1. What do you reckon, is ILE244 out of contact with any Pro (no Cβ under 7 Å at 6 or more places or on another chain) and within 15 Å of the ligand (Cβ to nearest atom)?
2. Tell me which residues, restricted to region 225-251, are farther than 22 Å from THR43 by Cα and out of contact with any strand residue (DSSP E or B) (no Cβ under 6 Å at 6 or more places or on another chain).
3. Quick check on region 175-189. Is at least one of its residues crowded, with 20+ Cβ neighbours inside 10 Å and away from the ligand (no atom under 11 Å from the Cβ)?
4. If you check SER136 against the conditions, is it touching a residue at least 60 places away in the same chain (Cβ under 8 Å), within 15 Å of the ligand (Cβ to nearest atom), of a type in the set (S, T, N, Q) and touching a helix residue (DSSP H, G or I) at 6+ places or on another chain (Cβ under 8 Å)?
5. Report yes if some residue within region 124-131 is among the basic types (Lys, Arg), modelled with pLDDT of 95 or more and away from the ligand (no atom under 12 Å from the Cβ); otherwise report no.
6. In the list THR91, THR140, which residue meets the criterion of being at pLDDT below 95, among the β-branched types (Val, Ile, Thr) and part of a helix (DSSP H, G or I)?
7. Answer yes or no: is there a residue in region 140-151 that is within 12 Å of the ligand (Cβ to nearest atom), touching a Phe, Trp or Tyr at 6+ places or on another chain (Cβ under 9 Å) and not assigned by TED's automatic domain parsing to the domain that holds PRO58.
8. Could you look through region 295-309, keep only residues that are at pLDDT 95 or above and under 21 Å from ALA137 (Cα atoms), and pick out the one that is nearest to the ligand (Cβ to nearest atom)?
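The values are calculated or read from the model by the stated rules, or taken from the named source; none is laboratory data. From a predicted model like this one, the values you see are computed outputs, not experimental measurements. Reconstructed Cβ throughout: ideal geometry from the backbone, glycine too, with neighbour counts over all protein chains shown.
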Amino acid sequence: MYTPCLIIGSGPAGYTAAIYAARANMHPLVIEGPQIGGQLMTTTEVENFPGYPDGVAPFQMMDDMRRQAERFGTQFISGRVTKVEFQSHPTKDQPHKVWVDDTTIYEADTVIIATGAGAKYLGIPSENEYRGRGVSACATCDGFFYRKKIVAVVGGGDTACEEAQYLAGLCEKVYMIVRKPYLRASNIMQERVKNNPKIEILFEHNTLRLTGENKVEGADLVYRKGEADETVRHIDINGFFLAIGHKPNTELFKDFVARDAEGYIVTKGYSPQCYDLSGEYELPGIFAAGDCADPHYRQAIIAAASGCKSAMEADKYRRILDLTPTK
Ligand code: NDP
């Protein structure tokens, strides 16, 4: 099956790309993937997306975006992309190819990769049990719900320090749970958290489990000086924020698209254009939008904006090549 514009991913980036691509008469096809709505669906409420003055449930917001894309003719395929074959010199006979669930092959003039990223979790069972009920991987998204409460942030990198600082502006107290005897973050971030009277850093601590009835009320930590010297310490907390890194969902593209050391798709400047593995040559018609190409901001509004840019560039690319709207 042929489409002028194929979009992989159904988060804010993918759906926004679809709205713009559909309105540009590109008849986009969105492959929605395993988590329809994307990462946002793991949060409880969205209060910082413009246009929703009273906040909005993530499901509602993503459904709104999806219906908006559908209104202009977007088609949706529920399935997982299992293989891609991008061409460095695509032609009508040799277009970009995308396999869904190993069986159906889609051919496309343009592909917008909007596969997002996933926060890393510790892997302890209680993380899942309390997900959305005290466990979060985004302080900017959920911090507001913990005003004047006590929270913990796990991690010792720049993200953890930033999140701890942000939460300290809202909460009564913030613990940082750091597994090493030092922080990995940049010096300036380290200074900030160390000098913030609301932040207490618990070095060489690991989380054993979360406790509480129906929601997070505490955490059992273990302090390691050595294998023989482990003491369990309990802290009372209302929120438990993971800040131990993110992993972009880009493995699928590794043989075609330039990625950085952490797997984020490389784009340059303001453009969502993707590059071949050398990182030097553009891959014509291939664009990246949202968190799969953004190690820094990781916000729905930024992802939506980059989805818009990708669709505009895809349209421009097709116009330059004078490709017909449909085949
Ligand atoms: P990092 O990989 O830099 O840090 C991850 C932190 O989580 C480390 O302290 C690591 O510990 C800890 N960690 C990892 N796995 C576990 C685990 N299983 N249990 C406990 N702790 C764990 O990730 P960040 O997201 O902080 O940063 C990613 C990149 O983005 C970095 O290059 C960073 O500098 C950059 N960044 C820059 C910002 C800025 O400039 N304002 C803001 C945010 C990020 P350990 O040290 O022991 O490995």
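1. yes
2. Hits for region 225-251 are LYS225, GLY226, GLU227, ALA228, ASP229, GLU251.
3. For region 175-189, residues crowded, with 20+ Cβ neighbours inside 10 Å and away from the ligand (no atom under 11 Å from the Cβ): present.
4. Numbers: touching a residue at least 60 places away in the same chain (Cβ under 8 Å): yes; within 15 Å of the ligand (Cβ to nearest atom): yes; of a type in the set (S, T, N, Q): yes; touching a helix residue (DSSP H, G or I) at 6+ places or on another chain (Cβ under 8 Å): yes.
Taking the combined requirement at face value, the residue satisfies it.
5. First, pick out the residues of region 124-131 that are among the basic types (Lys, Arg): 131.
Filter once more, so that each one left must be modelled with pLDDT of 95 or more: none.
Taking every residue of region 124-131 in turn, none turns out to be among the basic types (Lys, Arg), modelled with pLDDT of 95 or more and away from the ligand (no atom under 12 Å from the Cβ).
6. THR140
7. Applying the first criterion (within 12 Å of the ligand (Cβ to nearest atom)) to region 140-151 yields 140.
With touching a Phe, Trp or Tyr at 6+ places or on another chain (Cβ under 9 Å) added as a condition, the list becomes 140.
Keeping just the survivors that are not assigned by TED's automatic domain parsing to the domain that holds PRO58 gives 140.
Among the residues of region 140-151, at least one is within 12 Å of the ligand (Cβ to nearest atom), touching a Phe, Trp or Tyr at 6+ places or on another chain (Cβ under 9 Å) and not assigned by TED's automatic domain parsing to the domain that holds PRO58, which makes the answer yes.
8. The initial filter retains those residues of region 295-309 that are at pLDDT 95 or above, namely 301-309.
From the residues that got through so far, the ones that are under 21 Å from ALA137 (Cα atoms) too are 301-304.
Details: ILE301: 18, ILE302: 14, ALA303: 17, ALA304: 21 Å.
Selected residue: ILE302.
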